[in-house]
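In what follows, a single structure is set out as structure tokens and then discussed.
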Amino acid sequence: MNENGKNRREWVKTAAIIFLSVMLVLTFFSNTIMNYSLPEVATQYVQSGTITAKIRGTGTVESDDPYEVKVIQSRKVESVAVKVGDQVQKGDVLLYLADEESEELETARQELKAAEKELDSAWDGYYQGLLDANVTDSGVQAANGGVSMETYRQQLTQAQNAYKDAQNRVDEITEWKDAIGRQIDIDTNTDSSLGDETEAYEKAEEAFQAADSRKKQAEIALQAAQAKVSGLENNMQTVSDSDGDTSELNKQIQTAQAEVRNAENVLAEAEVELQRRTVARDEAKQTLENKRNKILGNLTSQSKYTENDLAAATEDANQKKKALDELTATLTGMFSLDGKKEAIDDAREKVEEAQEKVDKEVEKSIGATVTADIAGTVSEINIVAGNTTSADTPVMKLQPEGKGYTMSISVTNDQARRVSVGDRADLVNAWRYDDMEVTLAGIRPDPQDPGQKKLLTFNVSGSVVAGQTLNISVGQQSSNFDYIVPNSAIREDSNGKFILVVESKPTPLSTRYKAVRVDVEVIASDDTQSAINGAALYGGEFVITTSTQPVEPGQQVRLADN
Amino acid sequence: MKKRIVGISGAVSFVVFLMLFWAVRHVAAGIPEQQMAGRWSGEGEAAAQVSCFFSVNSGITSDRIEELEHSVDGALAEASVVQESENPGARLWADAYSASGTITMVSDRASLEADAVGIGGDFFLFHPLKLLSGSYFSGNDVMKDYCIIDEDAAWQLFGSSNVAGMYVYINGIPHMVAGVAERPRGRLEEGAGLDGPLVYVSYESLEQLGQNHGINCFEIVMPNPVTGFAEKFVRDNLGSDERETEVVENTSRYSFLPRLKLVSRFGLRSMNGRAIIYPYWENIARGYEDILALVTLFEMVFLLYAVGTASVLAVIWWRHKGWTVKEKALLLKDKAERFWERAREKRREHRQEKKAGKMLERSENKTGPQEGQGGNLL
């Protein structure tokens with residue numbers, strides 16, 4: 001029993017010691033232990049400051065008054081002479097075009113041909129109408145003093161055939177005349193009918209050349225022989241002066257002299273031959289010339305004849321036409337063929353129109369280059385070599401010298417309310433740009449979405465080129481506010497926006513911090529901060545921005561070390 | 001001995017049930033995306049968070065959501081829910097919408113193609129990401145060129161996570177980094193789509209500068225005066241085909257009955273006939289739903305075992321109790337009668353005392369003046 005009692009006492013003692021030790025440890029480390037279970041919060045002061053709400057946007061710089069270069073015809077581009085950014089002076093070549101007629105001109109010509117054809121068929125229809133007219137013979141006779149309808153018809157057919165024949169004759173002669181013209185244009189040297197004469201002349205010329213060359217050789221041989229003689233004679237003189245033996249030399253001189261004589265004979269023969277050949281060549285040439293002149297003369301006279309014939313045939317055709325017209329007029333007076341007449345008038349009008357179009361296109365025809373009308377900088381090129389120009393699309397744009405630039409950005413109505421005309425915009429990454437000024441020049445509804453969006457137009461000046469993309473920010477003047485907190489401090493629930501303020505409460509061991517809710521109203525915001533208003537604010541509070549765990553109002557928190 | 005074992009096992013089973021019950025509550029409370037209603041409303045006010053997920057072909061636009069927003073106040077007024085807060089900026093409800101897609105961001109030192117969430121409305125009220133620097137932005141902000149990037153994206157683009165206020169370029173358009181968020185990590189999170197850099201931009205930016213399949217999620221938190229009011233309102237006013245839409249009430253999705261319903265739909269849940277791309281938070285929430293459904297099954301088993309053992313013990317005790325109901329009833333009746341008897345006795349005594357008191361008073365009144373007179377005489 002005693003033993004048991006002792007054991008029990010020991011146990012109670014041990015338990016008490018353990019309990020007290022644990023209590024002691026907990027008392028000392030309670031703060032540390034509690035801190036680990038509390039959310040850690042980062043705080044900032046509520047302070048006064050400025051809020052500047054900025055609108056940012058990205059736009060492309062455009063020329064304020066661009067000059068569009070257009071090619072008014074469809075022409076193929078052979079090469080583009082400039083590049084974007086090039087400075088050009090007035091008159092500088094911008095494009096080289098292929099040297100061919102424009103598609104428009106070709107089309108106009110085709111249209112003219114079609115219109116002429118239509119006019120012809122209208123006339124044919126008219127004549128046919130005259131022939132087919134259903135009129136009583138007696139009526140016609142009564143109206144025309146006894147001339148029968150059949151007579152008229154015969155006359156008309158005759159007149160028509162006569163005119164057609166005359167016209168055919170005109171066409172035939174015209175063709176013939178063109179053929180002669182082409183014949184004259186052809187180089188007569190190549191005419192086949194001059195073959196024999198040309199050959200004879202060429203042979204004579206060849207023989208002449210051979211004789212000439214033989215004569216030249218004979219002359220050279222003579223000169224050589226003469227030189228040899230004079231050389232030997234000099235030797236002879238020297239030998240005789242020294243009283244030497246001259247017999248050998250004499251023999252040599254005689255031989256040489258014989259050579260000279262021989263050469264002289266050869267030369268004389270060559271000269272005779274040359275003379276003969278020259279005469280023969282001149283004769284052959286004369287014959288050729290005569291023949292050629294004869295042919296040309298024939299052609300020219302033929303051409304003249306054909307011209308006369310053409311004039312006569314045209315005159316004849318005109319007379320036939322006149323006769324036909326007169327007869328037609330007479331008949332038209334009798335028959336009602338207004339419809340056919342109108343068709344002819346219409347066709348004639350069409351022909352005139354087509355002719356006018358052709359004339360216009362011819363007038364519009366431009367050379368093989370397109371040049372700059374003004375001095376400026378090439379800001380845009382819309383065509384490459386090999387493509388065909390179009391009258392509607394400008395091939396390039398020029399920025400005239402001394403003109404300004406603009407830039408537009410589309411913003412929401414809400415954003416547009418925050419800016420006003422005259423505001424100066426800042427460039428995002430301003431260090432990239434040199435000496436550039438951007439000013440808001442206009443606010444108007446965006447044509448793409450007039451109800452919801454506005455188009456802000458800026459004037460851009462400085463070192464800028466058209467097509468450059470700029471990122472800008474523009475905003476109202478900064479406003480001062482008494483209470484400003486970081487955006488991350490603003491919280492919201494169904495009771496409105498609020499901030500959590502840290503309140504401290506000193507305890508014997510340490511200071512305790514508690515998150516307290518303060519209802520606020522956000523009156524302005526920018527990218528990072530918000531201006532707030534609240535009945536319970538006095539400035540200088542610690543406001544919670546972030547925390548490691550969600551924080552409830554009234555909850556105890558611990559402050560971050562920094 | 002057997003009884004004791006049954007008793008102890010039943011008690012243990014009940015304790016396990018309680019632990020599971022507590023664990024489910026804890027897990028559900030730990031998913032902030034599903035707890036918006038709790039954060040939004042004060043104590044005693046009923047609010048509900050409702051999410052809608054749209055298929056790729058639903059054709060939901062920001063304009064359609066704006067129309068829905070316009071009808072909320074009218075519906076609340078009809079249900080006699082009015083704003084009682086004195087704070088002038090207080091709202092009864094808040095909403096957000098989002099689209100998932102990809103976007104390419106370029107900084108001065110790197111380029112990054114990342115998964116993107118294009119947000120509209122007060123998205124970050126519903127999704128309180130943990131920020132490493134900076135602050136949230138809202139789809140209602142004046143400027144639409146803010147973005148929040150996760151730490152991975154920040155590292156790849158800038159080499160630091162303290163980059164709030166810096167600019168990234170999306171298709172040449174500068175966007176300000178409003179904040180850097182911590183990316184949740186874990187098996188479910190990675191499976192849900194959080195396995196690479198993720199950035200949050202405004203819906204306008206994603207629509208114009210990135211690739212997306214249209215708005216795929218709409219969330220609203222609003223007063224819920226009667227159960228199911230908010231969900232019914234959203235369902236009725238969405239104006240989108242039921243087959244293209246899925247409506248979820250987040251506030252009650254982890255409570256016991258919906259979990260039990262989920263267990264009953266075992267096998268059917270995996271079937272899907274709609275082209276809905278769930279955003280990552282819904283994927284995580286569905287993952288937890290599956291896990292909690294399993295836990296619910298265990299909860300049921302343990303509870304049933306505890307109840308069963310308790311019933312068995314009760315029956316055994318009943319059979320061996322050594323008294324009868326009639327005995328006890330007579331005893332009670334006897335006690336009651338005695339009680340009433342005592343009460344009656346007390347009342348009687350009280351009345352008699354009162355009577356005696358009055359008589360004494362009367363006699364005192366009679367003798368009193370005589371004494372006075374006598375006094376005067378003295």
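Each value in this text was obtained by applying a stated rule to the coordinates, not by laboratory testing. This one's a predicted model, so the numbers in the text were calculated from it and none came from an experiment. A quick note on method: Cβ atoms are made from the backbone with ideal geometry, for glycine too, and the neighbour counts reach across all protein chains shown.
See the values below:
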quantity	calculated
Hits among lysines - C-alpha to C-alpha of B:Lys3 under 26 Å, sequence gap 8 or more where chains match	B:Lys321, B:Lys328
Per DSSP, loop GluC sites (Glu not before Pro) in segment B:48-141 with at most 16 further Cβ within 10 Å	B:Glu84, B:Glu86
Whole-Hz couplings from phi, Karplus 6.51/-1.76/1.60, listed for segment A:517-522; x for Gly and Pro	7, 10, 6, 9, 10, 7
Percent RCO, i.e. relative contact order, over chain B, from Cα pairs under 8 Å lying at least 6 residues apart	25 percent
Hz values of 3J(HN,Hα) by residue in segment B:70-77 - Karplus curve (6.51, -1.76, 1.60), Gly and Pro given as x	5, 8, 5, 4, x, 5, 5, 5
FRET efficiency for A:Thr174 and A:Asn265, using Cβ-Cβ distance with R0 set to 45 Å, rounded to 0.05	0.10
Scaled radius of gyration (Cα, divided by 2.2 N^0.38 Å) that segment B:34-253 gives	1.06
Electrostatic dipole magnitude of chain A [Cβ: Lys, Arg +1; Asp, Glu -1; Cα centre; debye, to 20]	4700 debye
Helix-only [θ]222 nm of the protein assembly as shown, DSSP H runs n ≥ 4, -39500 (n - 2.57) each, per residue, nearest 500	-17500 deg cm²/dmol
Amide H contacts under 5 Å for A:Val395, placed H, 5+ residues apart	A:Val69, A:Lys70, A:Val71
Rounded tilt (10° steps) of A:247-334 against the dominant C-alpha axis of chain A	70 degrees
Paramagnetic reach from A:Thr52 in segment A:402-437 [backbone N under 15 Å; point 7 Å along Cα→Cβ]	A:419-420, A:423-431
Separation of the A:Ala224 and B:Asp108 label points, Cα + 7 Å toward Cβ, nm	9.5 nm
